[in-house]
Structures are given as C-alpha cells and as structure tokens.
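Presented below is the structure to which this report refers.
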C-alpha cells in the first residue's frame, strides 16, 4: 500500500486557518491508525515545518529544505555531508 500524501494545497494553507490544520491532523492520525507513514509535500516555511513536526508527520518534503538544484550543487552538498 502506498504512503498517503498531504497535498501541498493543505500544507500551504496551514497558517491560514483551523480547517486546514484539522484536515492535516486528521490525515496524520488516520495514517498512524492504519500503520502507514504519511508525507507532507510542499513544505516551504518554518511554520509549516513546525506544524508537521509537532504532529509527528513521518516525512516532510519541500523547498523549506532546498530549492531545485543543479546536479553539481547536489554533488557538493552530498560531499560536504559525507566529510562531516
């Protein structure tokens, strides 16, 4: 079974209202109850990241971590991580 995604439409509107927060929290809890991992996509701000971290979303992806990069830039980041 595929892991459920929280669509970026809900993610991007988290800071705008309680309905979006309620939907996201419900999706996370439902996935947990079904023993599935849930992924929030399109996370771009610290507030969005904090919300999904606080509510134990299993995976968080989006521009909050990195904007699209050229292959050379990715290689540099990976080399730096391996050296640390």
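The values are calculated or read from the model by the stated rules, or taken from the named source; none is laboratory data. This is a predicted model, so every value here is computed, not measured. Using ideal geometry, Cβ is built from the backbone for each residue, glycine included, and neighbour counts are taken over all protein chains shown.
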_Residue satisfying all of: in segment 7-48; touching a strand residue (DSSP E or B) at 6+ places or on another chain (Cβ under 6 Å) and within 17 Å of residue 65 (Cα to Cα); modelled with the lowest pLDDT among these_ = 11
*Spans of helices (runs of 4 or more DSSP H) in segment 15-84 with at least 3 residues surrounded by fewer than 16 Cβ atoms within 10 Å (Cβ to Cβ) and either in contact (Cβ under 8 Å) with a residue 40 or more places away in the chain or within 14 Å of the chain's Cα centre (by Cα) (or both)*: 46-54
*Output the number of residues of segment 1-13 satisfying the condition of being surrounded by 12 or more Cβ atoms within 10 Å (Cβ to Cβ) and farther than 15 Å from residue 61 by Cβ.*
1
